[in-house]
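Student: Below is a structure I'd like to ask you about.
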Amino acid sequence: MKGRGNQLRGLLCLLLTIFLVGCGGASASNTGSSSTASYNASTSKSVSSNNASGSSNSSGSSPSNAPTNYTPQYLIKQLNVTMEAKDTNSTANDLQNWITSTDTRASSSGMQYQLNGDTYTITITFSVQASDYTQIQRYLVDYPAKHNGRLLSLNESVQNATNDYIDTQSRLKNLRVEQQRLQDLMKNAQSMSDVLSINSQLSDVEGQIEQAEGHLNALSDQTTFYPISITIQPPGDGSATPTASSGNSWNAGQIAHDAFQASLHFFQFLVSILIWLLAFSIYIIPTLILIWLYRRWRRGRQVTNYRPQRLSTPPPAATVHTQQPVPETVHPKEEEPVAHVDAGEQAEEEEAQPVVNEEELPIS
């Protein structure tokens, strides 16, 4: 009986322990769920408040942060400046040094000098970056007044090349897409006619791409660097230019100077001709020698081929009016073989003929 009672007590204690443990876990789970719920509620409140403040801020700042459609402007500018300075050489060197030190990528196309009286009118051409163009322009405008000079003119030309630049970019993009499509078709072409047709179209597209790229590069250079031309001339108040002489004045020194200059120019002209003749003598001298030899050879040939011709005696009745009878020893038949007589015999016969004295001839 006692053993059964102990077993029942132990079983009851076990059941009580299980019951107490179950009640404690339930209370713990209830407290945990309540804390989690409160955390979630506070979190949701804070998130909702943050969202509300963010939405209010975004709504309040939307006009300032709204995206704007801004298109970059591609401008082509050119500046021409004309100024007066007493010392043009010093002014030109000063401007050149300042511009090249301000814009390290600036390049000069050189200087042009033109004599104006005792001084020179100098023209300088620069190519400066677009980013430094405004600063250089302001410096050139203020430079004459700060250095005892005068600004005569300032001409700026501006050309908007934005549309041309954008159109060229779009055209180049489309041409490259077309080139890629033709290259894909070329890979899948099977017949020779298709290959030739696609190749012709591809060559045409590639040529257009090269033209578009060249035009785009030219526009890029023109919109990146601007040319500036600076003309520096001496003052026009007559201090640097010679005074005009009157038309009636006579200056012997000036005339002598002009005559000497003319003679010097003539001497230079003669020397120039002599130099030209010496340079071409390698052709002239052999030609003259050949002409001289040819004329000499021709003259010798004419002397060799010369044969004296027989002088035919005129009939007595036609040339000599004389009443003397014809000698009986001369017969017409004997004159026929004269054509075959030698030149020496012909000369002897001519000497043997009687000489008719013109004084003895009767006057007709």
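The values are calculated or read from the model by the stated rules, or taken from the named source; none is laboratory data. Computed from a prediction, not measured in an experiment: that's the story for all the values here. In this analysis, Cβ positions are derived from the backbone assuming ideal geometry, glycine residues included, and neighbour counts consider all displayed protein chains. Side chains included, ligands, DNA and RNA excluded: accessible areas come from the protein's heavy atoms. Shrake-Rupley method; radii C 1.70, N 1.55, O 1.52, S 1.80 Å.
Student: From largest accessible area down, sort 205, 158; use a 1.4 Å probe on the protein chains.
Tutor: Correct descending sequence by accessible area is 158, 205.
Student: In addition: Distance from the Cα centre of the range 261-302 to that of the range 67-144, in angstrom?
Tutor: Here the two parts' Cα centres lie 55 Å apart.
Student: Give the peptides 212-219, 280-287 in descending order of average Cβ contacts within 10 Å, highest first.
Tutor: Result, highest mean Cβ count within 10 Å first: 212-219, 280-287.
Student: Shifting gears a bit: For residue 114 and residue 147, what is the calculated FRET efficiency with R₀ set at 30 Å and r taken between the beta-carbons, to the nearest 0.05? Let's see the in-between values first.
Tutor: Values: r = 21 Å, r/R0 = 0.70.
Calculated transfer efficiency: 0.90.
Student: Which of the trypsin sites (Lys or Arg not before Pro) found in the range 263-298 are loop residues per DSSP with 15 or fewer other Cβ atoms within 10 Å of their Cβ?
Tutor: none
Student: How much length is gained on full extension from residue 217 to residue 194, taking 0.36 nm per residue of separation minus their Cα-Cα distance?
Tutor: Numbers: separation 23, 0.36 × 23 = 8.28 nm, distance 3.43 nm.
Roughly 4.9 nm would be gained on extension.
Student: Still on this model: Can you put 304, 102 in order of accessible area, largest first, using a 1.4 Å probe?
Tutor: On the way: 304 95, 102 40 Å².
My answer, sorted largest first, is 304, 102.
Student: Further, regarding this structure: Share of the range 102-239's accessible area from carbon and sulfur, percent, 1.4 Å?
Tutor: Ligands and nucleic acids excluded, carbon and sulfur give 43 percent.
Student: Cβ under 13 Å from residue 76's Cβ, residue 76 left aside: what net charge do those residues give with Lys, Arg +1 and Asp, Glu -1? Write out the running numbers ahead of the final one.
Tutor: Numbers: positive: 77; negative: 156, 164, 221.
Once positives and negatives cancel, what remains is -2.
Student: For the range 106-225, evaluate the Debye formula with one uniform point scatterer on each Cα (no solvent term) and list log10 I(q)/I(0) at q = 0.20 Å⁻¹, rounded to two decimals.
Tutor: For the range 106-225, the Cα-only Debye profile gives -1.15.
Student: Another question, if that's okay. Can you work out the Karplus-derived ³J(HN,Hα) for every residue in the range 214-231? Use 6.51 cos²θ - 1.76 cosθ + 1.60 with θ = phi - 60°, whole Hz, and x for glycine or proline.
Tutor: With coefficients 6.51, -1.76 and 1.60, one gets x, 5, 5, 5, 5, 5, 5, 5, 5, 8, 9, 10, 10, x, 10, 10, 10, 10 Hz.
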